[in-house]
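J.: Sharing a structure here in structure tokens format.
Nothing in this text is a laboratory measurement; each read-out follows from the coordinates by a stated rule. The structure displayed is predicted, hence computed values, not measured ones. A quick note on method: Cβ atoms are made from the backbone with ideal geometry, for glycine too, and the neighbour counts reach across all protein chains shown.
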Amino acid sequence: MNETLSSPQPAPSADSFAALFEATDPAANVELGGEGKIVVGVIVAVHREQVVVDIGGKSEGTIQLDEFRDAQGEAHVRPGDRVDVYIESRESDDGLISLSKEKADKMKVWDEISAACERDEIIEGTITQRVKGGLSVTIRGGVKAFLPGSQVDLRPIRNLEKLIGQTYEFKVIKFNKKRGNIVLSRRVLLEKERDQMKANTLKTLEEGQVLTGVIKNLTEYGAFVDLGGIDGLLHITDMSWGRVNHPSEVFQVGDEVTVKVLKYNPETERVSLGLKQTQEDPWGHVEEAYPIGKRVRGKVMSIADYGAFIELENGVEGLVHVSEMSWTKKIKHPSKFLEVGQEVECQVLEVDSRAKRISLGMKQLEPDPWSLFTDKYKPGDKVQGKVRSLTDYGVFVGIEDGVDGMVHKTDISWTVKVNNPADFYSKNDDVEAIILSINHDEKKVSLGVKQLWDDPWGSVLDKYRPGTVLEGVTILSTPEYGAFARIAEGVEAVIPSNEIPGDAALRVGDTVKAEVANVDTMDRRITLSLRNVGGSPQAERAAVMQREASSRSTTLGDLMKAQLGDKLQELANKASEES
């Protein structure tokens with residue numbers, strides 16, 4: 001057992017040393033080598049700072065005691081121990097030769113490395129620090145070697161610092177003992193290992209096979225999985241039965257994953273993999289899990305122009321069409337009604353497991369306004385509402401929340417031909433009307449305003465003969481071509497612009513004095529005039545007939561004769577003016 005000596009030891013006698021040396025070293029009498037050589041010496045004495053070594057040929061040298069210390073700082077050395085030493089210089093003035101144990105150890109290591117390199121052997125080393133262009137690796141005997149960044153792994157590694165302290169096997173790809181230069185490669189060994197693994201994998205690889213691999217790389221469209229020397233592509237659409245926006249939502253590089261081989265091309269060595277195919281397809285039970293009419297809850301996954309997709313469970317989504325979101329709100333875009341990530345409640349409307357489609361509705365969770373309306377109203381009922389919108393062909397009136405009715409322009413007035421409903425109504429005007437019909441299939445309601453009163457044409461010729469002067473005529477609207485006025489409830493008339501004095505400024509709601517200018521029985525139109533009211537021949541004639549009517553009953557024939565007389569008088573006057 002070696003001892004640690006901390007004080008000088010007595011040197012052995014010459015006779016005992018010679019006997020010991022000859023017994024332990026057959027080459028004791030070999031001639032001493034020159035500088036730069038490694039020889040075997042025997043420790044003669046151990047002093048406080050130096051160790052005396054006999055290297056044969058009656059020559060002794062000294063080595064610093066520190067070269068014998070271990071990592072704990074202890075020197076395990078005693079006289080008689082054999083040691084390899086390196087001759088640094090010949091005898092000095094004191095007759096001793098300068099020796100080095102450390103240099104001898106290093107040279108021996110270099111020789112071992114050189115031999116290992118020639119035999120194409122693998123060397124183990126520990127990565128100690130990051131250097132320019134790569135890493136520094138400590139191998140046998142503390143020798144430093146260089147590991148280029150490109151030779152660290154099969155793929156470039158961004159963070160080389162994380163490898164410091166790791167021990168790996170390396171292949172020497174460059175060796176120069178004279179310059180003390182050693183270049184290592186780990187990649188060469190990994191490539192060889194990969195090729196061997198690839199060959200083994202390809203022997204058994206086939207479509208339908210379930211394998212375990214490691215996520216090697218992530219892209220926007222999928223993940224590359226190392227199956228053992230060969231990579232397979234796991235496309236994003238085959239990762240889950242549910243929606244995956246990016247592979248990083250499911251995996252990280254280095255994750256272990258069990259996949260199924262979907263396609264394999266031996267010629268190109270391309271492998272397509274699937275993860276969801278190793279799991280049960282959730283669409284196989286949707287008809288049982290989601291019967292029509294069932295209330296369900298889910299999360300809004302995405303929104304399109306035509307609706308929103310709701311996740312009911314992992315891999316199962318349903319569509320709420322924009323038309324199924326609300327009974328009463330006119331939704332221009334689903335994003336105005338829903339948000340991604342929002343939890344919503346729906347009702348199952350339709351299930352098609354083959355096409356993997358589920359139709360959902362949100363408005364079905366609320367009472368149908370149409371059903372409430374039809375329970376409350378029937379044709380002939382009087383309703384009230386506000387004008388919601390105007391078109392060229394009619395007026396839409398809100399009757400109940402979610403139910404509108406339309407007044408066609410032909411049902412606005414008995415006595416005026418309406419070309420533009422906007423001449424009579426504006427948005428948000430209050431309207432009273434009669435329900436004319438209810439179309440249950442198309443959910444449409446037809447309304448009529450003029451039907452609030454009986455058809456007045458049976459008495460129009462009696463009450464409103466040309467020339468009749470009317471008081472309290474109410475202006476309804478003032479379009480560019482004149483004005484519309486109400487004579488009585490249910491009786492409207494038109495005032496052409498040429499029958500309105502230039503200084504008259506008519507406003508909606510004004511009451512004026514007017515004269516009946518014409519009654520068109522064919523077009524059912526009453527025309528009024530605001531010019532020379534009461535001073536026209538027709539007005540004088542009408543006044544006479546009114547007085548006569550007070551003394552006797554006037555018939556329809558009398559009125560027609562009066563009209564004919566007026567017409568003949570107009571023709572006569574016109575002929576007189578032309579002549």
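J.: Return the subset of 132/174; 101/177; 336/382 for which the Cα-Cα distance in this structure is over 27 Å, preserving the input order.
T.: From the list (132/174; 101/177; 336/382), the Cα-Cα distance tops 27 Å for 336/382.
J.: Same structure, new question: Let me test this: with uniform point scatterers at the alpha carbons of the stretch 120-190, what is the Debye-based log₁₀ I(q)/I(0) at q = 0.22 1/Å?
T.: Each listed q maps to, in turn, -0.92.
J.: For each of 423, 404, count neighbouring Cβ atoms within 10 Å of the residue's Cβ, then give the residues from fewest to most.
T.: With the fewest neighbours first, 423, 404 line up as 404, 423.
J.: Okay, next question. In whole angstrom, note down how far apart the Cα centers of the stretch 244-262 and the stretch 375-441 are.
T.: Cα centroid to Cα centroid, the span is 61 Å.
J.: Please compute the net charge surrounding residue 336, taking Lys and Arg as +1 and Asp and Glu as -1 over other residues with Cβ under 11 Å from its Cβ.
T.: Taking every other residue near residue 336 into account, the sum is +2.
J.: What is the distance in Å between the Cα centroid of the stretch 464-488 and that of the stretch 501-530?
T.: Taking the Cα centre of each part, the stretch 464-488 and the stretch 501-530 sit 3 Å apart.
J.: Another question, if that's okay. Give me the distance in nm between label points sitting 7 Å out from Cα along the Cα-to-Cβ direction at residue 505 and residue 328, one decimal.
T.: Output for this residue pair reads 4.3 nm.
J.: With unit charges on the beta carbon (Lys/Arg positive, Asp/Glu negative), name the residue among 402, 446, 421 whose Cα is farthest towards the positive pole of the charge dipole of the stretch 369-452.
T.: 421
J.: Residues in the stretch 399-423 near a label at residue 371, defined as backbone nitrogen under 17 Å from the 7 Å Cα→Cβ point?
T.: So the set is 401-403.
J.: Let's test the formula: R0 of 56 Å, r as the Cβ-Cβ distance of residue 292 and residue 167. What FRET efficiency results, to the nearest 0.05?
T.: 0.30
J.: By count of other Cβ within 10 Å, fewest leading, how are 331, 87 ordered?
T.: Ranked by crowding around the Cβ, least crowded first: 331, 87.
J.: Using 0.36 nm times the number of residues separating residue 192 and residue 343, minus their current alpha carbon distance, what extension gain do you get?
T.: 49.0 nm
J.: Enter the Cα centre distance for the pair the stretch 298-339 and the stretch 98-125, rounded to the nearest angstrom.
T.: Each part reduced to its Cα centre gives a spacing of 73 Å.
J.: Compute the projected area of the convex hull of the Cα atoms of the chain, averaged over all viewing directions, and report it in nm² to one decimal place.
T.: 59.2
J.: Might you report the magnitude of the Cβ-based charge dipole of the chain about its Cα centre, with Lys and Arg at +1 and Asp and Glu at -1, to the nearest 20 debye?
T.: In debye, rounded to 20, the chain gives about 1360.
J.: Report the chymotrypsin sites (Phe, Trp or Tyr not before Pro) located in the stretch 199-301 that are in a DSSP loop and have at most 16 other Cβ atoms inside 10 Å of their Cβ, or state none.
T.: Listed in order of number, the matching sites are 221.
J.: I want the local charge near residue 453. Using Cβ-Cβ distances under 13 Å, sum +1 for each Lys or Arg and -1 for each Asp or Glu among the other residues.
T.: -3
J.: Let me ask another. If you filter the stretch 131-186 for trypsin sites (Lys or Arg not before Pro), then keep DSSP loop positions with at most 15 other Cβ within 10 Å, what is left?
T.: 132, 158, 177, 178, 179
J.: Moving on to the next point. For residue 114 and residue 206, what is the calculated FRET efficiency with R₀ set at 45 Å and r taken between the beta-carbons, to the nearest 0.05?
T.: The value I calculate is 0.40.
J.: When the convex hull of the Cα atoms of the stretch 369-452 is projected onto a plane and the area is averaged over all directions, what value comes out in nm²?
T.: Result: 5.0 nm².
J.: Which value in deg cm²/dmol, rounded to the nearest 500, describes the helix-derived mean residue ellipticity at 222 nm for the chain, given -39,500 (n - 2.57) per DSSP H run of n ≥ 4 and division by the residue count?
T.: The helix-only estimate for the chain comes to -5500 deg cm²/dmol at 222 nm.
J.: Separate question: Cross-link list 58/178; 294/386; 378/409; 263/294; 294/329; 144/192: which exceed 29 angstrom alpha carbon to alpha carbon?
T.: From 58/178; 294/386; 378/409; 263/294; 294/329; 144/192, over 29 Å: 58/178; 294/386; 263/294.
J.: I need the semi-axes of the equivalent ellipsoid of the stretch 167-248: take the C-alpha gyration tensor, multiply each eigenvalue by 5, square-root it, list largest first in whole angstrom.
T.: Ellipsoid half-lengths, sorted descending, are 37, 17, 8 Å.
J.: Please identify every one of the GluC sites (Glu not before Pro) in the stretch 329-386 that sits in a loop by DSSP and has no more than 15 other beta carbons within 10 Å of its own beta carbon.
T.: 339
J.: Right, next: Sorted from fewest to most neighbouring beta carbons within 10 Å, what does the list 76, 321 look like?
T.: In order of increasing Cβ crowding within 10 Å: 76, 321.
J.: Starting with the highest mean, order 386-392, 297-303 by the number of other Cβ atoms within 10 Å, averaged over the residues of each peptide.
T.: Highest to lowest by the protection proxy: 297-303, 386-392.
J.: How large is the Kirkwood hydrodynamic radius of the stretch 284-365, in angstrom, based on all distinct alpha carbon pairs?
T.: Computed over the stretch 284-365, the radius equals 12.5 Å.
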